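**Q** Let me give you the structure first, and then I'll get to my questions.
The values are calculated or read from the model by the stated rules, or taken from the named source; none is laboratory data. If you're wondering where the values come from, they're calculated on a predicted model, not measured in any experiment. Cβ: placed from backbone, ideal geometry, glycine included. Neighbour counts: every protein chain shown. Just the protein is used for accessible areas: all its heavy atoms, side chains included, with ligands, DNA and RNA removed. Shrake-Rupley method; radii C 1.70, N 1.55, O 1.52, S 1.80 Å.
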Amino acid sequence: MDLFKPMDNLESKGNPESNAEKANEHVQCLIIGSGPAGYTAAIYAARANLKPVLYTGMQMGGQLTTTTEVDNFPGYPDGTDGTAMMADLEKQARRFGTDVRFGLATSVDFSGKVKKVTFDEKTVLMADSVILATGATAKYLGLESEEKYKGYGVSACATCDGFFYRDKVVAVVGGGDTAAEEATYLAGICKKVYLIVRRDELRASKAMQHRVKNTENIEVLWKHQTKELKGENVVQSVDLYKFKGEENEEIVSYDIDGFFLAIGHTPNSDIFKDYIDTDETGYVNTVPGTSKTNVPGVFACGDLQDKVYRQAVTAAGSGCMAALDAERYLGEQE
Ligand code: NDP
């Protein structure tokens, strides 16, 4: 799991009192993760009187705190920004009594009926039900300039940020289904989309390849790799290695306004893998139409189990499902 900076402007930085080690603490419902899925699960679980404890992870508020404006979450007619929205969700979860704590789950033991989760390698919590909402982390290329322009022309979510590039020129890097989907989505908004592909073929499904090929304003730059992003304060151009043979490369430059990463996501499921079934890429498998994992009493929601939709609103919906499933499960145990 990536380590993230906690957001300074969120309401809570953790409550030292509630963070204090409580020997043999046993809760009904433990929620791990503080994105839209985790907080929505908390709102529902708290209202059902499950007295949930929610651990935020290192990036309080999740991936949305790395985006600027959020215009597609229902209920915000004038839009909002990701950090403010997550602060609102936290406030709403607390209002119904969720105990929100700052800490990172470092190991789990789901072998027994009572689940054990260790936070920060020292605090052990026992829980009758656990909701996993640890999300996924977008992969970045690892360039210094990419970091510099994050939120200033660099994005890992076309559906979140594409709108700001109306009639502009953007580049998408990647060759899988995500890249193909993001490129075609952006092509409907932007004047021109460069798709930067490191090989001479796409990994994307045939149907998506077909869409890319048939979209006039997408230009695929085959066998290109990103060298550096440039610009004064915001992204204005990208330098690329253009490979012509084994060792032969030249550097080419394109003027762009936005640069979208689409080289995959990593679901934050590593610490659960000894107990929880995942697919080959690490996404948690849930029973279709539910949030149930293979372990009774453990539920998963949000991007941790969704590689297709990955939206705040779908994550929130799945968080609601997880809380309802947990409530039913606990009811059946009585
Ligand atoms: P993938 O792992 O499938 O593809 C990643 C792409 O990024 C590959 O083309 C890869 O290149 C490229 N890449 C990786 N690292 C780098 C790098 N450092 N520099 C340049 N390029 C790089 O990830 P996706 O997110 O596209 O898809 C993940 C899964 O989700 C897949 O199973 C996909 O089918 C699924 N998905 C399904 C959707 C749907 O059903 N609607 C939508 C989106 C995703 P290379 O090919 O050379 O390895």
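**Q** Tell me, what is the percent relative contact order of segment 189-307, built from C-alpha pairs under 8 Å that lie six or more residues apart?
**A** On the way: 162 pairs, mean separation 16.8, N = 119.
Relative contact order comes out at 14 percent.
**Q** Here is a further query. At a Förster distance of 25 Å, what's the computed FRET efficiency of residue 198 paired with residue 251, Cβ-Cβ distance as r, to 0.05? Working shown, then result.
**A** Details: r = 15 Å, r/R0 = 0.60.
Once the sixth-power term is evaluated, E becomes 0.95.
**Q** If you average the C-alpha positions of segment 123-186 and of segment 212-291 separately, how far apart do those two centres end up, in angstrom?
**A** Between the Cα centre of segment 123-186 and that of segment 212-291, the gap is 9 Å.
**Q** Using a probe radius of 1.4 Å on heavy atoms only, what accessible surface per residue do you get for the chain? Whole Å² is fine. Please report the intermediate quantities before stating the final value.
**A** Numbers: 16360 Å² over 334 residues.
Heavy-atom accessible area per residue stands at 49 Å².
**Q** 222 nm [θ] for the chain, helices only, -39500 (n - 2.57) per DSSP H run of 4+, per residue, to 500?
**A** One gets -7000 deg cm²/dmol as the mean residue ellipticity at 222 nm.
**Q** Turning to a different aspect of this structure: Taking only C-alpha pairs under 8 Å that are 6+ residues apart, what is the relative contact order of the chain in percent?
**A** Numbers: 775 pairs, mean separation 65.8, N = 334.
Reported as a whole number, the value is 20 percent.
**Q** For each pair in 139/307; 273/307; 192/213; 139/191; 51/115, compute the distance between the two Cα atoms and list the pairs where it is over 21 Å. Write down the numbers at each step before the final one.
**A** Values: 139/307 13 Å; 273/307 17 Å; 192/213 14 Å; 139/191 26 Å; 51/115 16 Å.
Listed pairs above 21 Å: 139/191.
**Q** Give the carbon-plus-sulfur fraction of the accessible surface of the chain in %, rounded to a whole number; probe 1.4 Å, heavy atoms of protein chains only.
**A** Numbers: 7660 of 16360 Å².
Of the solvent-accessible surface of the chain, carbon and sulfur hold 47 percent.
**Q** Using the alpha-carbon atoms, what tilt in degrees (0 to 90, nearest 10) does helix 312-333 show relative to the longest principal axis of the chain?
**A** Value to nearest ten degrees: 20.
**Q** May I ask for the net charge around residue 279, where only other residues with Cβ less than 13 Å from the Cβ of residue 279 are counted and Lys, Arg are +1 while Asp, Glu are -1? List each step's numbers first, then the result.
**A** Values: positive: 273, 307; negative: 277, 280, 306.
That works out to -1.
**Q** Roughly how many whole Å is it from the C-alpha centroid of segment 87-104 to that of segment 33-65?
**A** Result: 6 Å between the Cα centres.
**Q** Which order, highest average first, do 181-191, 273-283 follow once you tally other Cβ atoms within 10 Å for each residue and take the mean per peptide? Before the final figure, lay out the partial values.
**A** Working: 181-191: 20.5, 273-283: 14.3.
Packing proxy ranking, top to bottom: 181-191, 273-283.
**Q** Could you give the spread of the C-alpha atoms of the chain along their three principal axes, from largest to smallest, in whole angstroms?
**A** That works out to 65, 36, 35 Å along the principal axes.
**Q** So what's the projected area for segment 140-261, the Cα convex hull averaged over all directions, in nm²? Can you show the working numbers first?
**A** Working: hull surface 27.9 nm².
Average of the hull's projected areas for segment 140-261 equals 7.0 nm².
**Q** Right, here's the next one. Summing +1 for each Lys or Arg and -1 for each Asp or Glu, what net charge is found among the other residues whose Cβ lies under 13 Å from the Cβ of residue 180?
**A** Every neighbour counted, the sum reads 0.
**Q** List the Cys residues of the chain that have no partner Cys with a C-beta closer than 4.7 Å.
**A** Lone cysteines by the Cβ rule: 29, 190, 301, 320.
**Q** At a 10 angstrom cut-off on C-beta neighbours, averaged per residue, how do the peptides 78-85, 34-41 rank from highest to lowest? Don't skip to the answer; put the middle values down first.
**A** Working: 78-85: 17.0, 34-41: 32.5.
Peptide ranking by packing, descending: 34-41, 78-85.
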